[in-house]
1. May I ask you to order 308-317, 291-300 by the average number of other C-beta atoms within 10 Å around their residues, highest value first?
2. Can you compute the modelled spin-label distance between E21 and C91, with each label point 7 Å from Cα toward Cβ, in nm?
3. Compute the Cα gyration tensor for the range 75-119, then decide on rounded, prolate or oblate, letting a ≥ b ≥ c be the square roots of its eigenvalues: rounded whenever a/c is under 1.5, prolate when a/b is larger than b/c in the other cases, and oblate in all that remain.
4. How about the range 20-128: which trypsin sites (Lys or Arg not before Pro) there lie in a loop by DSSP and see at most 16 other Cβ atoms within 10 Å?
5. Answer with a single label: of [x] 15.7; [y] 16.6; [z] 17.5, which was calculated as mean projected area of the Cα convex hull in nm² from the structure in view?
6. For every other residue with a beta carbon closer than 13 angstrom to the beta carbon of D230, add +1 if it is Lys or Arg and -1 if Asp or Glu, then tell me the sum.
7. Could you do me a favour and compute the accessible area per residue for the range 152-306, 1.4 Å probe, result in Å²?
8. So, in nm, how far is label D225 from label E306 when the simple model puts each one 7 Å beyond its Cα toward the Cβ?
Amino acid sequence: MRAAVLVGLEQVELQERPEPEARPGWAVVTVESASLCGTDAHQYDGRIDTPFPRVPGHDFSGRVESVGEGADPAWVGQAVAVKPSLPCGDCLECAQDKPFDCKRKKLIGLWSDGCLTERIAVPVVNLIPRPDGVEAWQASLLEPIAVGLNTVDRLRILLGETVVVLGQGPIGLALTRLCALSGAGRLIVTDAREAPFAVSRAYGASDCLDVTQVDARERILELTDGVGADVVIETSGFPASSAMVLDLVRKEGKVAHIGWANDLPPLPVIPIMAKTLTVFGVGGNGGRGQYERALELVRTGRLDLEPMVTHRFSLDDVAEAFRVASSKSDGAIKVIVEP
């Protein structure tokens, strides 16, 4: 079985790996489509620590090939999306059949080998039936939406509130659309490239700021009459973006931090206290219904994923897929790999 393997920084090889086996309660899924996200790119470029060698990837869809002992055989042949956080199976929450409350759940592809392979074994509890009308490539793009839903759920955006989304990668774009659907009034977005702004505007952004051309801090304060935004969401994971979040939010406003990398600055406590802010750390997709809701948003056309997908590669060309996703060359937003 072929698998893409990170063997070092900016080094990806296609290797032969043993076929996975379906242990009790698990299933083997044939991967039909996988997408690369910021976590994968940062494993590749070293901004997230990764033990090498590692098969990366966690956002994928496919079809169930076999199931292990104790799993419902009706899953075999089912088209599925897959929740990417693996429960530990040993804690109290797992024993009480609440795997997504597991405090030790870990992302596949980061803490264990991932989905950039032809077949992969996952717990049956991670499977979500893929409904008619949702294609494999669409179901491999659910994580940005699920992370966005987890964020919006916690922020409880009110109709007409001014929202800033820093970064217009896939998660930032998903949040732009979800904030618009949630009733945001002025919706300001930033990025260091013009490429994603056509998608941002289609998703509902009112103001798009290229941080290489304008002082984003100054311009956002101008757009909010010096008061700041009601809600500021940081998705890029870049230090300069993270460092200005507290300057952009109004007093008693809300902030969410999603972007993750090793070199982010610490948050100063005094400005948080002085502005009486509510700060949310969003470490993932939630896993408590967000994937199912993301599928429904795609199925109903509320969230059109086609504008996000800029590049498609076969598994044979996975090294080029990582190069493009990491460098964001050729206007790359979302890169799909189809084994």
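The values are calculated or read from the model by the stated rules, or taken from the named source; none is laboratory data. Keep in mind it's a predicted model, so treat the numbers as computed, not measured. Every residue, glycine among them, receives a Cβ derived from its backbone with ideal geometry; neighbour counts consider all protein chains shown. Note: areas computed on protein heavy atoms with side chains; ligands, DNA, RNA excluded. Shrake-Rupley method; radii C 1.70, N 1.55, O 1.52, S 1.80 Å.
1. Ranked from most to least packed, the peptides come out as 291-300, 308-317.
2. Roughly 2.8 nm, to one decimal.
3. Details: a/c = 2.94, a/b = 1.44, b/c = 2.04.
Oblate, because a/c is 1.5 or more while a/b does not exceed b/c.
4. Working: sites: R47, R54, R63, K103, R104, K105, K106, R119; in loops: R47, K103, R104, K105.
Loop-located and lightly packed - K103, R104.
5. Checking each listed value against the structure points to [y].
6. Values: positive: R156, R186, R250, K251, K254, K275; negative: E161, D225, E252.
Spelling it out: positives minus negatives among the neighbours equals +3.
7. Values: 6880 Å² over 155 residues.
The answer is 44 Å² per residue.
8. Taking the simple label geometry, D225 and E306 are separated by 4.0 nm.
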